[in-house]
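Remarks on the structure that follows.
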Ligand SMILES: [Zn+2]
Ligand SMILES: [Zn+2]
């Protein structure tokens, strides 16, 4: 934090705060220390849906925990039951202070009493921690490759991370996948998109910029959901052409490339919006493709989580979203509600409730085995009309063999399978959330 323009900005902000507080002091060291504390130790507080509520400073037991891109702990917020007003679970007002240096003890006690306390923060281990080993959490989104994590940490916290994941050479598997691309011969693809790029690095920059721009345009309402879906689906499916040794090649993003992951999140949302806004005829299809992208994202997060256990938190959220999206699709089938109550998986229902390491592994294995079996049956149905997702024979391992035709199933069988898949996604999300946050997690239903 040592550059002079930064110090000057802190000094100006401190003077401004002193003026607002009507402090008589000429010296603004206290305000400067407070700003530095916020800049280095504040954390973004989120509600149970992951929405940012603002930033807050916690005491040293939490704020001094250092960052790692492969942390051994995670944290979450819970509403503080000692709050004076249960409906105001986070600080929204700071009492007007004339000058804290001149407050008497009694006045100070009254002042503190009227401050409303925010959510509590709970840190919990997600890996075995050896005696004497430092406890670490993550300050940033861990589904980013090394370069992006480094620039994120530098711009927000002004330090370069040298954790095991960042320092790994060659890069950790999860980081190579997050930036992974596939180079194919044009004849193996149907590529007919984005000509004119001359080398591989340029092609990677062009395809990632193109998708990111489409995502940003959608988020800022510059393009409608339909245009967004067409643009991103098309480039994910066809990739981009480039030349190497004067020969044409086709470059596509790995299914777990970080830009592809962002694309699936956007596409799941865009198709869901289309399912709400659309004319009746395509409501079901839009909902179906939204569920397919949500489920594909959950499967991608599964692969990454197996390579890097700290990604369990992201994976839990994606599996939960996939389960809810499939449940929404099931509700759109033209069938009686009674089907819903008939759907059970006997294999998973008999799993024990103990949380021993062995039991968790057994539960996880069984649930994923069911997910693989069910998805083999309904993947072609879920992805109908979506060439990019149809390329993957199995969403669980991303094998690229094309599907030979679609299985013929009755609407009732399709409904049951969608409900079964939804049930397993939610079950797996519960298991992962429980691992990260314990039984009282907001994610555990
Ligand atoms: Zn790192
Ligand atoms: Zn099962």
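At a glance:
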{"read-out": "Pair-distance profile P(r), taking every C-alpha pair of region 4-79, with 5 angstrom steps and integer %", "value": "3, 13, 19, 17, 18, 13, 11, 5, 2, 0"}
{"read-out": "Peptides ranked, highest mean first, by Cβ atoms within 10 Å: ranges 320-332, 157-169, 417-429, 125-137", "value": "417-429, 320-332, 157-169, 125-137"}
{"read-out": "Computed label-point distance, nm, for sites residue 411 and residue 361 using a 7 Å Cα→Cβ extension", "value": "4.6 nm"}
{"read-out": "Ranked 293, 210, criterion: other C-beta atoms within 10 Å, fewest first", "value": "210, 293"}
{"read-out": "Percentage relative contact order, region 213-340, counting C-alpha pairs under 8 Å, at least six apart", "value": "18 percent"}
{"read-out": "Difference of contour (0.36 nm per residue) and Cα-Cα distance, residue 51 to residue 130", "value": "25.1 nm"}
{"read-out": "Part-to-part distance (alpha-carbon centres) for region 193-261 and region 138-168, which is given in Å", "value": "25 Å"}
{"read-out": "Ranked packing of 174-182, 139-147, 212-220, most packed first, by mean Cβ within 10 Å", "value": "174-182, 139-147, 212-220"}
{"read-out": "Percentage relative contact order, region 172-277, counting C-alpha pairs under 8 Å, at least six apart", "value": "41 percent"}
{"read-out": "Region 172-277: Rg to Rh, with Rh as the Kirkwood radius over Cα pairs", "value": "1.00"}
{"read-out": "Fewest-first ranking of 319, 64, 379, using other Cβ atoms within 10 Å as the exposure measure", "value": "64, 379, 319"}
{"read-out": "Förster radius 51 Å - calculated FRET efficiency between residue 78 and residue 246 (Cβ-Cβ, nearest 0.05)", "value": "0.25"}
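No lab work stands behind these numbers, since they all come straight from the coordinates. It should be emphasised that the depicted structure is a prediction, and the values quoted were computed from it without experimental measurement. Cβ: placed from backbone, ideal geometry, glycine included. Neighbour counts: every protein chain shown.
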